[in-house]
Amino acid sequence: MDYLKTEIVENVEVATGTALLRFRGERPVAGRPGQFVMVRGAWGAHPVLGRAFSLVEVGAVGAVLVRAVGDGTRRLCALAPGDRLSVLGPLGHGFLGPAPDRTPVLVAGGVGVAPIAFLAESLAAAGTSPIIFYGARTAGDLPLADRLAAAGELTLATEDGSRGERGFVTSALERLLASRRDAQIYACGPEPMLEAVARLAVACGAPCQVALESPMACGMGTCKGCAVLAARGDYKYVCSDGPVFESAEIFGEGGAR
């Protein structure tokens, strides 16, 4: 698989230090919700490695969500229309759709919103309105919340109460799951949130898929840098075995490792 040569068509600051990068190449950008791409700017020898990002949009124009946390991501967030970008993908395994008798319940934490927004909009376009929960530390950490609200029934939660409910997003999720048994849960965000979601899914008997976040060097299972300990004591590679897993595969049948 070769890198797709693209150029930036739009850089939108969707939160402080967070950019939605839209890019276009000589062929359409492919992929489904939960899959990712390795991205590298045309900045020479350093940083040498690409960065992994979940796809937010595909088609003639693709998009990824980038939060500036290090040298590579700061460089990406500073790109302007016309700047070059190399994109490898789609990579990994994406989300599987819900069964006909299940209601999709989506849970996002922070920039884990990227694949969840893609999934929510894909479900809405197919005629299914998902129930969505989105949490973060503060109101400034909720990029793409407007897109989620347009795609389904959205509940927001922030730890400081600056937007939506005060507290963890899993508290709102728990209330919903207590009153219904037809949920199919999809989640992406920090690992403690994913583990909490997995426990709630087990408690109510809901199928649950989680998209793991992990630093990656190659994105194709070669470097072994994204290994995570699975429930049975073996290791899974987020890039090639995931990034989407059944929650029990990672957190066990009890919802916790």
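The values are calculated or read from the model by the stated rules, or taken from the named source; none is laboratory data. Nothing here was measured: the structure is a model prediction, and the numbers come from that model. Every residue, glycine among them, receives a Cβ derived from its backbone with ideal geometry; neighbour counts consider all protein chains shown. Ligands, DNA and RNA are stripped out before the accessible areas are found, and what is left, the full protein with its side chains, is counted by its heavy atoms. Shrake-Rupley method; radii C 1.70, N 1.55, O 1.52, S 1.80 Å.
Computed quantities for the displayed model
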read-out: Label point distance in nm, residue 71-residue 49, each placed 7 Å from Cα along Cα→Cβ; value: 1.3 nm
read-out: Percent accessible area from carbon and sulfur atoms, segment 1-104, protein chains only, probe 1.4 Å; value: 52 percent
read-out: Charge dipole (debye, nearest 20) of the chain; +1 at Cβ of Lys and Arg, -1 at Cβ of Asp and Glu; value: 300 debye
read-out: Where labels lie 7 Å past Cα in the beta-carbon direction, separation of residue 84 and residue 220 in nm; value: 2.0 nm
read-out: For the chain, share of DSSP beta bridges that run antiparallel, in % to the nearest 5; value: 60 percent
read-out: With every protein chain in place, segment 176-238: carbon and sulfur % of accessible area (1.4 Å); value: 55 percent
read-out: Residue-normalised accessible area of the chain, expressed per residue, 1.4 Å probe, Å²; value: 44 Å²
read-out: By accessible area with a 1.4 Å probe, ligands and nucleic acids excluded, highest first: order of 38, 216; value: 216, 38
read-out: Segment 87-142: relative contact order as a whole-number percent, Cα under 8 Å and 6+ apart; value: 38 percent
read-out: 3J(HN,Hα) from dihedral phi, segment 209-223, Karplus parametrisation 6.51/-1.76/1.60, rounded to Hz, x for glycine, proline; value: 10, 10, 9, 7, 10, 7, x, 9, 9, 10, x, 10, x, 8, 7
read-out: Most mobile listed residue (32, 147, 175) in the chain, GNM with C-alpha springs under 10 Å; value: 175
read-out: Stretch gain in nm, segment residue 7-residue 60, where the contour uses 0.36 nm per residue and the Cα spacing is subtracted; value: 17.9 nm
read-out: Theoretical gain in end-to-end length, residue 159 to residue 235 [0.36 nm per residue, Cα-Cα removed]; value: 24.1 nm
read-out: Three semi-axes of the equivalent ellipsoid, the chain, Cα gyration tensor, whole Å, largest first; value: 29, 21, 17
read-out: Gaussian network model of the chain, Cα within-10 Å springs - most flexible of 246, 153, 213; value: 153
read-out: Selected from 197, 9, 42, residue furthest toward positive end of dipole (the chain; charges at beta carbon); value: 42
read-out: Interchain or long-range residues, amide H under 5 Å from residue 155's placed H; value: 132, 133, 134
